[in-house]
Amino acid sequence: MVDVTVRGAGAFGLSVAYACAARGARVRVVDPNGVGGGASGGIVGALAPHVPENWNPKKAFQFAALDMGEAFWRAVEEVGGVPSSYARTGRLQPIADDQALALAEARAETARALWEGRYVWEVVEATGAWTPLSPTGRLIHDTLTARMFPRHACAALAAAVQALGGSIVSDASEEGAVVWATGAAGLEALSAERGRMVGAAVKGQAALLDVDARDLPQLFADTVHIVPHANGTTAIGSTSERDFGAADTTDDQLDAVIARARAAVPALADAPVLERWAGLRPRARTRAPMLGAWPGKPGHFIANGGFKIGFGIAPMVGQVMADLILDGRDTIPAEFRPEASF
Ligand SMILES: Cc1cc2nc3c(=O)[nH]c(=O)nc-3n(C[C@H](O)[C@H](O)[C@H](O)COP(=O)(O)OP(=O)(O)OC[C@H]3O[C@@H](n4cnc5c(N)ncnc54)[C@H](O)[C@@H]3O)c2cc1C
């Protein structure tokens with residue numbers, strides 16, 4: 001007997017399954033490709049905020065998720081006994097010129113209120129070896145940004161779901177409430193069903209370098225995320241491709257990202273490349289997450305549209321979906337509802 005069937009064992013499906021199982025529901029996750037078989041099986045794992053200004057429901061939702069990240073991932077690790085590689089190590093970004101410096105200083109003010117005094121956005125001197133080149137000699141440092149290794153995080157969530165009595169299988173019939181957390185394939189199927197573009201895949205390529213900066217902040221320079229991981233590797237990413245051929249191949253566009261990272265951060269100049277990886281980000285038509293009841297399909301729910309911040313918001317996705325599915329309590333922002341993209 002199953003209360004909730006979750007289709008998709010990525011960041012969204014596993015987070016929903018974990019939240020439901022933690023509240024006592026009997027959960028079954030179904031995925032023919034196994035745990036982390038989609039975008040969630042990647043290597044980047046930046047849990048980073050948008051800039052602290054022009055506040056809106058998406059930024060507020062993301063802040064709530066990043067804020068609860070530490071407690072969420074520690075609980076997942078404790079329940080399942082598998083490390084997620086989560087750590088709140090902060091982030092450094094170069095400041096290009098005087099105008100950007102003034103903006104960074106203004107955002108230090110707005111961050112104080114919007115981040116509720118718990119995290120800092122500040123301008124610091126660029127010093128030390130683990131530093132992006134910065135024309136002003138100054139950097140933005142924030143203490144809200146965290147990181148985890150996506151594959152480890154999926155394994156940790158899967159172990160927690162199973163420790164709570166849930167199962168993860170490659171095939172099964174649907175029982176109970178059904179959650180469609182099927183990523184890019186799910187958006188494609190929805191678009192075909194509705195005869196219009198509800199969402200689409202955006203391909204991303206990333207690389208893993210042999211650089212051990214595990215306790216140091218992540219860097220964001222020349223639009224490249226540089227994310228040191230707990231296992232002594234450093235990820236860099238990513239390309240953003242709406243038009244692409246094969247979903248899982250890498251090419252000279254990734255070479256260009258690696259070259260930009262090496263140029264921006266001298267410490268990466270000679271670092272060997274350990275792995276090249278590509279995946280499909282699920283992007284809803286609105287670019288917002290797509291969360292809620294499936295219109296016209298009673299008992300079915302959608303958790304999709306994680307796009308570029310799927311891991312960052314996963315803790316809140318689990319929470320609001322469990323509220324809706326188990327308690328009938330809908331706390332999901334209106335612009336996240338599937339209807340907004342339908
Ligand atoms: C290069 C790259 C870098 C990224 N960097 C970051 C980052 O730094 N920080 C961040 O927060 N996010 C990042 N993302 C985005 C993040 O990876 C995604 O938002 C997130 O993984 C989406 O999770 P998901 O569970 O919705 O989808 P997926 O992980 O794709 O999972 C969907 C699952 O559904 C399964 N499935 C499909 N159809 C069915 C079906 N009919 N029945 C059952 N199962 C089905 C698939 O096998 C798949 O496992 C990045 C993505 C890419 C590609």
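The values are calculated or read from the model by the stated rules, or taken from the named source; none is laboratory data. Since we're looking at a predicted model, the values are computed, not measured. A quick note on method: Cβ atoms are made from the backbone with ideal geometry, for glycine too, and the neighbour counts reach across all protein chains shown. Ligands, DNA and RNA are excluded from the accessible area calculation, which covers all protein heavy atoms including side chains. Shrake-Rupley method; radii C 1.70, N 1.55, O 1.52, S 1.80 Å.
General observations
- Convex hull volume of segment 72-151 per residue (C-alpha atoms, cubic angstrom): 113
- Note on segment 235-310: semi-axes of the ellipsoid equivalent to its C-alpha gyration tensor, largest first and rounded to whole Å, are 35, 13, 10.
- Using the 1.4 Å probe convention, the accessible area of segment 198-342 works out to 38 Å² per residue with neighbouring protein chains retained.
- Under 5 Å, built H, 5+ apart or other chain: amide partners of Ala126: Arg138, Leu139
- Residue-normalised accessible area of segment 1-141, expressed per residue, 1.4 Å probe, Å²: 42
- DSSP-assigned coil residues among trypsin sites (Lys or Arg not before Pro) in segment 231-335, each with at most 11 further Cβ atoms within 10 Å: Arg242, Arg329
- Remark on Ala221: its backbone amide H falls under 5 Å from those of Ile226, a criterion applied only to residues 5 or more positions apart or on other chains, H modelled at 1.01 Å from N.
- Accessible surface of the chain [probe 1.4 Å, protein heavy atoms]: carbon and sulfur percent: 52
- Average Cα contact separation per residue, segment 212-307, under 8 Å, 6 or more apart, as relative contact order %: 18
- A cut-off of 5 Å between modelled amide H atoms, ignoring neighbours fewer than 5 places along the same chain, links Gly199 with Ser191, Arg285.
- Using only side-chain charges placed at the Cβ, +1 for Lys and Arg and -1 for Asp and Glu, the dipole size of segment 1-80 relative to its Cα centre rounds to 280 debye.
- Remark: relative contact order (segment 1-145) = 21 percent; criterion is Cα-Cα distance under 8 angstrom and separation of 6 or more residues.
- Calculated over segment 188-340, the projected area of the Cα convex hull averaged across directions stands at 10.8 nm².
- Calculated over the chain, the projected area of the Cα convex hull averaged across directions stands at 16.6 nm².
- Multiplying the residue separation of Asp210 and Ala129 by 0.36 nm and removing their Cα-Cα distance gives an extension gain of 27.6 nm.
- Cut-off 17 Å, label 7 Å out along Cα→Cβ of Ala259, residues of segment 207-226 by amide N: 207, 222-224
- Difference of contour (0.36 nm per residue) and Cα-Cα distance, Ala163 to Asp243: 24.7 nm
- Each stretch of four or more DSSP H residues adds -39500 (n - 2.57); spread over every residue of the chain, this sum gives -11000 deg cm²/dmol at 222 nm.
- Each peptide among 181-191, 54-64, 2-12, 134-144 gets the average number of other Cβ atoms lying within 10 Å of its residues, and from highest to lowest they stand as 2-12, 181-191, 134-144, 54-64.
- Scalar couplings 3J(HN,Hα) for segment 320-334, obtained by applying the Karplus form with A = 6.51, B = -1.76, C = 1.60 to θ = phi - 60°, are 6, 6, 5, 4, 6, 6, 8, 10, x, 9, 9, 10, 7, x, 4 Hz; x denotes Gly and Pro.
- 3J(HN,Hα) along segment 106-112: 5, 5, 4, 5, 5, 4, 4 Hz, from the Karplus curve 6.51 cos²θ - 1.76 cosθ + 1.60 with θ = phi - 60°, whole Hz, x for Gly and Pro.
- Net charge of Cβ neighbours under 15 Å - reference Lys297; Lys, Arg +1; Asp, Glu -1: 0
- Stretch gain in nm, segment Thr331-Arg287, where the contour uses 0.36 nm per residue and the Cα spacing is subtracted: 13.9 nm
- Legend: P(r) of segment 2-154 from all alpha carbon pair distances, 5 Å bins from 0, whole percents, reading 2, 9, 15, 17, 16, 14, 11, 8, 5, 3, 1, 0.
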